[in-house]
1. Would you confirm whether any residue within the stretch 47-68 is at positive phi and surrounded by fewer than 13 Cβ atoms within 10 Å (Cβ to Cβ)?
2. Could you look through the stretch 90-101, keep only residues that are within 23 Å of ALA70 (Cβ to Cβ) and either under 11 Å from the mean Cα position of the chain (by Cα) or modelled with pLDDT under 95 (or both), and pick out the one that is surrounded by the fewest Cβ atoms within 10 Å (Cβ to Cβ)?
3. Restricting attention to the stretch 14-33, which residues are β-branched (Val, Ile, Thr) and outside any helix (DSSP H, G or I)?
4. Pick out the one residue from ASP18, ASP30 that is of a type in the set (Asp, Glu), out of contact with any helix residue (DSSP H, G or I) (no Cβ under 9 Å at 6 or more places or on another chain) and surrounded by 12 or more Cβ atoms within 10 Å (Cβ to Cβ).
5. Determine which single condition ARG120 fails, assuming it passes every other condition in (1) loosely packed, with under 13 Cβ neighbours inside 10 Å; (2) part of a loop (DSSP other than H, G, I, E, B); (3) charged (D, E, K, R).
6. Return the residue satisfying two criteria in turn: it lies in the stretch 58-83 and is of a type in the set (A, V, I, L, M, F, W, C) and more than 18 Å from ILE93 (Cα to Cα), and of such residues it is farthest from the chain's Cα centre (by Cα).
7. So if I check each of ALA42, ALA66, which one is out of contact with any Pro (no Cβ under 8 Å at 6 or more places or on another chain), within 22 Å of ALA19 (Cβ to Cβ) and part of a strand (DSSP E or B)?
8. Pairs needed: first member in the stretch 141-166, without any contact (Cβ under 8 Å) to a residue 40 or more places away in the chain; second member anywhere, of a type outside the set (Lys, Arg) and in a helix (DSSP H, G or I); C-beta distance under 7 Å; at least 6 residues apart or different chains.
Amino acid sequence: MNPSQTTNCTIQRVDYADAEQMHHVLNLLDAYARDPMGGGEALADHVRAELPVLLRATQHAVSFIAFVDAEAVGLINGFETVSTFAAKRLINIHDLAVLSVARGKGVATQLMQAMEAHARARQCCKLTLEVLTGNQQAGALYAAMGYRQYELDPKMGQAVFLQKKL
């Protein structure tokens, strides 16, 4: 890969029943998990075993893989749900992963565009995602693509993403 050029990818929607595509999904997620932005640890064996089954059973899961030649270099996972205030569908982008050899070459942009096209085709009112504040490269990409911090009333401040592990 030429590091100074934008890479032209082939983007494929994932069929969760396709073993080869799920192999790519798991390998790309594992690479992401091992990265400091993904927590720095490999996917657990039980995740590798259970995730394909769970994704197949999740009706509104959607994923796309970016390929350069025959190499899977990027992945985006999203989950469709409902905006109660708009009474319309929305998609939450849960993962965006690009292998280090393909970063900075437009792969993430192409994956984001594929998810946005899918969301528009599904008549979604918005896409949502979260990003670590230290991930400045991703934050800059999202800002350039029109993503903004969420607020209803500026006097009440911006939303904060929280979690509680069970």
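1. Looking through the stretch 47-68, none of the residues is at positive phi and surrounded by fewer than 13 Cβ atoms within 10 Å (Cβ to Cβ).
2. SER100
3. Result: VAL14, single match.
4. Answer to the check: ASP18.
5. The single condition ARG120 does not satisfy is (2).
6. ALA70
7. Step by step, each of ALA42, ALA66 is checked, and only ALA66 is out of contact with any Pro (no Cβ under 8 Å at 6 or more places or on another chain), within 22 Å of ALA19 (Cβ to Cβ) and part of a strand (DSSP E or B).
8. LEU141/ALA108; LEU141/THR109; MET145/MET112
The values are calculated or read from the model by the stated rules, or taken from the named source; none is laboratory data. Keep in mind that this is a model prediction, so the values were computed, not measured. For neighbour counting, all protein chains shown are included, and Cβ atoms are generated from backbone atoms with ideal geometry for every residue, glycine included.
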